[in-house]
1. Measure off 7 Å from each Cα along the Cα-to-Cβ vector at Lys18 and Glu61, then give the distance between these two points in nanometres to one decimal.
2. Can you give the local net charge around Arg71? Use residues other than it whose beta-carbon is closer than 9 angstrom to its beta-carbon, Lys and Arg +1, Asp and Glu -1.
3. With a cut-off of 8 Å between alpha carbons and a minimum separation of six or more residues, what is the relative contact order of the chain in percent?
4. Measure nothing but the geometry: give the 0 to 90° angle between the long axis through the Cα atoms of 53-62 and the longest principal axis through the Cα atoms of the chain, rounded to 10°.
5. Under the rule of -39500 (n - 2.57) per DSSP H run of 4 or more residues, summed and divided by the residues of the chain, what mean residue ellipticity at 222 nm is obtained, to the nearest 500 deg cm²/dmol?
6. Which whole-number value in Å³ per residue fits the convex hull of the alpha carbons of the chain?
7. For the residue pair Ala2 and Ala49, what label-to-label distance in nm results when each label sits 7 Å from Cα along the Cα-to-beta-carbon direction?
8. For helix 14-25, report the angle its Cα long axis makes with the longest principal axis of the Cα atoms of the chain; keep it between 0 and 90° and round to the nearest 10°.
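The numbers here are math on the coordinates, done by the rules we state, and not lab data. A quick note: this is a predicted structure, and the numbers were derived from the prediction, not measured. Counting neighbours? That spans all protein chains shown, and the Cβs are built from the backbone with ideal geometry, glycine included.
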Amino acid sequence: MAKRIVKIGGMSCDHCKKSVTEALEALNGVSDVSVDLAAGTASIDLDEAQCGEDGIRAAIEDIGFDYLGIR
Ligand SMILES: [Cu+2]
């Protein structure tokens with residue numbers, strides 16, 4: 001399990017924040033999701049054995065936001 005920060009584009013309100021939080025929490029291997037709306041980031045605990053970068057990208061893009069990377 002590793003703490004990672006996902007950069008997300010297009011979030012503008014609390015509804016966006018909730019949508020992104022729920023989409024990330026639904027992924028196997030992702031937990032402890034905390035979205036920072038102002039920063040455009042989500043802090044997550046990631047188990048990379050269960051979920052890779054592609055899975056995170058798809059979850060964000062599927063609900064209409066922009067995946068801008070992970071660190
Ligand atoms: Cu919104």
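1. About 2.7 nm separates the two model spin labels.
2. Surrounding charge for Arg71 is +2.
3. Contact order relative to length: 45 percent.
4. Between the helix axis and the principal axis of the chain, the angle is about 30 degrees.
5. -9500 deg cm²/dmol
6. Value for the chain: 68 Å³ per residue.
7. Each label point lies 7 Å from its Cα, and together they span 1.5 nm.
8. 10 degrees
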